[in-house]
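Q: Pasting a structure here, questions to come.
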Amino acid sequence: MSASWKQLCLQILLLLVSCRHINTKTPGPTPPPLIPIDQLPTDVRSVALKGESHTEKVELLNPVNLTLECTWTGNQDRLANITGLWRKDGEEVKNSNQTVPMENDQYNLKRVFSIVNEEDLGSYTCEFGSKAKIDFVLAAPQIGDVRDKPIVSYLGDFAVITCKMEETKPEPSTWYWYKANGTDKEQIIAAEEPLRYEIKNQERNTKLVVSSLVEADAGLYFCGAVYAISTSISHVISFYEPLKPFVVIVIAVIVLVTIILLYEKSQSKKNSTAAENGTTDQTNTLTQGESNGHGESSSMRQRKV
């Protein structure tokens with residue numbers, strides 16, 4: 001093999017080795033260290049049902065081994081045994097189907113679920129045959145104060161969007177902001193564009209300041225309250241297109257001026273018609289007077305003769 005071929009092969013080999021150290025993936029946030037399931041804190045939620053159904057909301061902040069207990073007093077059938085099972089978001093939980101005996105005039109179902117991350121949240125249902133069920137809805141604290149009115153601003157100006165968690169809810173560890181991008185949400189990293197964005201977090205409140213507004217800034221924004229188990233997302237309607245308010249005002253003025261002109265035109269027509277009618281009446285009166293005058297003159301002449 002010639003020296004040139006050896007040199008070419010060596011360069012290709014060096015290139016392949018160097019490419020192994022290039023990370024083409026965008027680095028994401030560092031996940032929190034995983035806690036072994038057997039070391040998670042424990043919690044118990046119990047519901048006693050006398051009717052046919054009940055929904056229980058369960059608010060979680062941290063990963064937990066959660067015991068869900070269901071008690072049903074039964075119905076008039078009073079069967080000795082009944083079939084019980086568990087569902088997660090409508091899908092039957094594997095190996096959860098079991099025979100539940102009546103004990104002390106009631107049926108009891110119990111199961112431990114390891115709630116480690118956001119995917120483990122959702123609706124957990126215990127069913128007693130087709131007769132009764134209890135739904136446990138597991139979620140992080142939800143943002144109740146949602147703005148339903150748009151924020152209007154103008155090109156080149158700035159806008160402030162606020163979001164807050166209710167005082168009765170636990171304080172989040174921090175806040176995130178997102179902007180709608182099609183069907184996805186794109187996180188706003190203020191440190192990457194400090195001249196455009198500023199995020200101010202204070203306990204249960206957060207503010208997003210958007211400066212030097214452009215038309216592309218119009219759209220939906222989302223605030224996220226961050227907890228260890230999940231991030232609660234709430235949407236905030238931000239901006240209409242900045243020129244829309246001006247256009248609406250102009251249209252309103254045009255409509256108002258048009259109504260005034262039409263009204264004045266109709267009034268002038270009425271006045272003109274009334275004036276013409278008055279002139280005609282006056283002319284008729286004068287004509288009748290002149291005729292009467294001529295008649296009286298003729299009578300006088302006849303008497304003189």
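Q: What is the set of long-range amide H partners of GLY219 at a cut-off below 5 Å, with H atoms built 1.01 Å from backbone N?
A: SER238, PHE239
Q: Please state the relative contact order of region 188-242 as a whole percent: Cα pairs under 8 Å, 6+ residues apart?
A: The value is 24 percent.
Q: Once the piece of chain linking LYS149 and GLU52 is laid out straight, how much longer is it, given 0.36 nm per residue of separation minus the C-alpha distance between them?
A: 31.0 nm
Q: Which FRET efficiency value, to the nearest 0.05, do you get for VAL116 and GLU167 by plugging their Cβ-Cβ distance into 1/(1 + (r/R0)^6) with R0 = 41 Å?
A: Here the calculated transfer efficiency is 0.90.
Q: Shifting gears a bit: Taking amide hydrogens as modeled 1.01 Å from N in the peptide plane, which residues meet the under 5 Å criterion relative to ILE188, leaving out close sequence neighbours?
A: Long-range HN contacts for ILE188: TRP177, TYR178, LYS179.
Q: Can you bin region 86-202 into rounded, prolate or oblate? Criterion: square roots of the alpha carbon gyration tensor eigenvalues sorted a ≥ b ≥ c, rounded for a/c under 1.5, prolate for a/b above b/c, oblate for the rest. Walk me through the intermediate numbers first.
A: On the way: a/c = 3.26, a/b = 2.96, b/c = 1.10.
Since a/c reaches 1.5 and a/b is larger than b/c, the shape of region 86-202 is classed as prolate.
Q: If you take every residue apart from VAL112 with its C-beta less than 15 Å away from the C-beta of VAL112, what net charge results, scoring Lys and Arg +1 and Asp and Glu -1?
A: Neighbour charge sum, excluding VAL112 itself: +1.
Every number here is computed from the coordinates shown, using simple stated rules; none is lab data. All figures in this text were calculated on a predicted structure; none of them were measured in a lab. FYI the Cβ positions are ideal-geometry reconstructions off the backbone, even for glycines, and counts take in every protein chain you see.
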